[in-house]
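K.L.:
Take a look at this one; I'll ask things after.
The values are calculated or read from the model by the stated rules, or taken from the named source; none is laboratory data. Keep in mind the model is a prediction, meaning the values are calculated, not measured. Here the Cβ is made from the backbone with ideal geometry for all residues, glycine too, and neighbour counts use every protein chain on show. With ligands, DNA and RNA removed, areas are computed over all heavy atoms of the protein, side chains included. Shrake-Rupley method; radii C 1.70, N 1.55, O 1.52, S 1.80 Å.
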Amino acid sequence: MERVAVVGVPMDLGANRRGVDMGPSALRYARLLEQLEDLGYTVEDLGDVPVSLARASRRRGRGLAYLEEIRAAALVLKERLAALPEGVFPIVLGGDHSLSMGSVAGAARGRRVGVVWVDAHADFNTPETSPSGNVHGMPLAVLSGLGHPRLTEVFRAVDPKDVVLVGVRSLDPGEKRLLKEAGVRVYTMHEVDRLGVARIAEEVLKHLQGLPLHVSLDADVLDPTLAPGVGTPVPGGLTYREAHLLMEILAESGRVQSLDLVEVNPILDERNRTAEMLVGLALSLLGKRIF
Ligand SMILES: [Mn+2]
């Protein structure tokens with residue numbers, strides 16, 4: 001692929017920390033588009049998807065927060081990606097991770113795809129298992145067909161057996177059970193330590209053999225010392241080289257066709273280093289090599 005389309009989703013309605021809506025700007029300021037052009041890509045910035053200005057700080061009551069607002073924004077994203085010409089590689093800039101319901105469903109265009117979800121969390125909660133009611137803890141379950149029917153009816157897009165999680169180190173109890181029942185393959189940080197990222201990446205490619213791949217990269221998979229600008233930091237994350245090596249090996253497969261960069265919160269960041277980390281990883285995934 002030689003053409004890249006960048007789409008921003010300035011959404012924080014799925015999370016309870018304000019500021020992640022500024023993630024798309026931070027990623028653009030980190031020179032994502034210019035550096036992709038330096039790699040030889042033709043890059044088009046499609047701008048941002050409209051997101052409701054409902055104020056997350058004014059949330060009232062229980063239940064799923066901002067279900068309809070999130071659904072609407074993710075649906076616009078889904079339609080935008082599905083309308084891209086074949087051969088254009090979409091990069092979606094978040095925004096909280098609930099946007100990935102739209103990006104995966106849109107990039108898949110109704111076909112079978114493999115999903116590599118690189119995240120400290122599994123985002124596999126349902127309204128029944130979620131401790132918080134925040135939708136950004138649910139998108140991978142929704143994509144797999146589990147969750148609120150208002151979401152699964154439009155975003156169900158993958159077989160959970162075609163989903164692999166990498167870098168996980170924080171799971172809710174109900175989520176663990178659902179992941180096992182659904183047959184999602186999970187590489188926690190325990191496996192990263194034991195097996196190393198190179199072997200995991202090769203196993204991921206083998207497990208998802210023959211499928212086009214969507215990579216959903218949550219900034220909180222990185223160790224918080226490298227990526228402090230996230231709403232839900234968890235100690236013990238991927239190192240700089242582990243994260244790059246994972247991207248480099250996935251890039252070598254030639255099968256990655258779409259990417260999300262999510263959960264960058266510039267308010268919590270230090271001099272935009274979290275956005276810069278994610279941009280560096282995107283470049284590795286799109287073929288930037290050391291030598
Ligand atoms: Mn996530």
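K.L.:
Starting from the amide H of R109, placed 1.01 Å from N in the peptide plane, find each other amide H under 5 Å away whose residue is 5 or more places distant or on another chain.
P.N.:
none
K.L.:
Related question: Determine which residues of region 259-287 fall in the zone a paramagnetic label at S132 would reach in this model, i.e. backbone nitrogen under 14 Å from the point 7 Å along Cα→Cβ.
P.N.:
263-265
K.L.:
Taking H as built 1.01 Å from N, whose amide H comes closer than 5 Å to the amide H of A227, not counting residues under 5 places away?
P.N.:
For A227, no residues qualify.
K.L.:
Given the options A73, A120, L250, identify the residue whose Cα lies farthest towards the positive end of the charge dipole of region 3-285 (+1 on Cβ of Lys, Arg; -1 on Cβ of Asp, Glu).
P.N.:
A73
K.L.:
I'd like the Karplus ³J(HN,Hα) series for region 86-103: coefficients 6.51, -1.76, 1.60, θ = phi - 60°, whole numbers in Hz, and an x wherever there's a Gly or Pro.
P.N.:
Using θ = phi - 60°, the values come out as 4, x, 8, 8, x, 10, 9, 9, x, x, 7, 5, 4, 4, 5, 4, x, 6 Hz.
K.L.:
Going by a ≥ b ≥ c, the root eigenvalues of the Cα gyration tensor, does region 11-53 fall in the rounded group (a/c under 1.5), the prolate group (a/b larger than b/c) or the oblate group?
P.N.:
Taking the square roots of the gyration eigenvalues as a ≥ b ≥ c, region 11-53 is prolate.
K.L.:
When the Karplus curve 6.51 cos²θ - 1.76 cosθ + 1.60 is applied with θ = phi - 60°, which whole-Hz ³J(HN,Hα) does each residue of region 192-208 get, with x for Gly and Pro?
P.N.:
4, 5, 6, 9, x, 5, 4, 5, 4, 4, 5, 5, 4, 5, 6, 4, 9
K.L.:
Still on this structure, I have one more. Enter the accessible area per residue of region 116-192 (Å², integer; probe 1.4 Å; all protein chains in place).
P.N.:
36 Å²
K.L.:
Just subtract the alpha-carbon distance of A83 and F291 from 0.36 nm times their residue separation and send over the number in nm, one decimal.
P.N.:
The A83-F291 span can extend by a further 71.3 nm.
K.L.:
Placing unit charges on C-beta atoms (Lys and Arg positive, Asp and Glu negative, everything else neutral), compute the dipole magnitude of region 3-285 about its Cα centre in debye, rounded to 20.
P.N.:
720 debye
K.L.:
Okay, next question. What's the extension gain from T239 to T225 if we count 0.36 nm per residue and subtract their Cα-Cα distance?
P.N.:
Full extension from T239 to T225 adds 4.1 nm.
K.L.:
Another question, then. Evaluate the distance, in nm, between pseudo-label points positioned 7 Å from the Cα of E37 and of E270 along their respective Cα→Cβ axes.
P.N.:
Once both label points are built, they end up 3.2 nm from each other.
K.L.:
Near the amide H of L222, under 5 Å away, which other amide H atoms are found, from residues 5 or more places off or on another chain, if H is placed in the peptide plane?
P.N.:
L238
K.L.:
Percent of accessible area on region 3-285 owned by carbon and sulfur, 1.4 Å probe?
P.N.:
Answer for region 3-285 is 49 percent, counting heavy atoms of protein chains only.
K.L.:
Assign one of three labels to the chain, namely rounded, prolate or oblate, based on the Cα gyration tensor with a ≥ b ≥ c the square roots of its eigenvalues; rounded applies when a/c is under 1.5, prolate when it is not and a/b is larger than b/c, and oblate otherwise.
P.N.:
rounded
K.L.:
Follow-up. Give the residue list of GluC sites (Glu not before Pro) in region 63-106 that are DSSP loop and have at most 12 other beta-carbon atoms within 10 angstrom.
P.N.:
Answer by residue number: E86.
K.L.:
If the elastic network links every pair of Cα atoms under 10 Å, which of R111, R18, R80 fluctuates the most in the Gaussian network model of the chain?
P.N.:
R111
K.L.:
With runs of 4+ DSSP H residues as the only contributors, calculate the mean residue ellipticity of the chain at 222 nm using -39,500 (n - 2.57) per run, divided by the residue total and rounded to the nearest 500.
P.N.:
Rounded to the nearest 500, the figure is -10500 deg cm²/dmol.
K.L.:
Let me ask you something else. Set the Förster distance to 25 Å, then compute FRET efficiency between L195 and R109 from the Cβ-Cβ distance, nearest 0.05.
P.N.:
0.15
K.L.:
How high is the FRET efficiency between E2 and Y29 when r is their beta carbon distance and R₀ equals 35 Å, given to the nearest 0.05?
P.N.:
Efficiency for this residue pair is about 0.90.
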